[in-house]
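Notes follow the structure.
The values are calculated or read from the model by the stated rules, or taken from the named source; none is laboratory data. Fair warning: this is a prediction, and the values are worked out from it, not measured in the lab. Note: ideal-geometry Cβ built from the backbone for every residue, glycine included; neighbour counts use all protein chains shown.
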Amino acid sequence: MNHAKQLAREHLSVTTKRQKDIYDKRQCVHSYEPEIVIWLLEQSRKPGITHKLEMSHECPFVVMQSLSNVNFRILLDRHGKENVVNYHKMKQYEGNNAPKWLQTE
């Protein structure tokens, strides 16, 4: 019985290490510098509208500060309203046209 438990522990530790290696390989941390324009993931759904027809990201916002490797402070509008978001909800803005409220500053 003890041999079976020992064998199970060994297999479990090997499997755990393999799963951690696979997880670590797939992780990619994005670094958003201040003043970068980003899209923000829209998580709320409007009733009566199918999610396939809705835009998945909201209009461009600006990264103000990096609080940690995963959390960023973003500027939501020209009036200075800010929000802290996780990098999983952010996507870099690829367009040439920045928001009008950014261009006027």
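Residue by residue through region 8-30, note down the ones that are outside any helix (DSSP H, G or I) and surrounded by 10 or more Cβ atoms within 10 Å (Cβ to Cβ). It would help to see each step written out before you state the result.
Keep residues of region 8-30 that are outside any helix (DSSP H, G or I), which gives 27-30.
Selection gives His30 alone.
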Residue under evaluation Lys5, criteria (1) among the charged types (D, E, K, R); (2) in a strand (DSSP E or B); (3) more than 22 Å from Lys100 (Cβ to Cβ), criterion not met: (2)
Filtered residue count, region 17-51, keeping only those that are hydrophobic (A, V, I, L, M, F, W, C) and touching a residue at least 60 places away in the same chain (Cβ under 8 Å): 1
Index of the failed condition, His51 passing every other in (1) touching a strand residue (DSSP E or B) at 6+ places or on another chain (Cβ under 7 Å); (2) at pLDDT below 80: (1)
Out of Ser68, Ser56, sole residue that is of a type in the set (Ser, Thr, Tyr), without any contact (Cβ under 8 Å) to a residue 60 or more places away in the chain and more than 16 Å from Gln92 (Cα to Cα): Ser68
Would you be able to say whether some residue in region 63-73 is of a type in the set (Gly, Ala, Ser), modelled with pLDDT of 85 or more, surrounded by 15 or more Cβ atoms within 10 Å (Cβ to Cβ) and within 30 Å of Arg26 (Cα to Cα)? yes
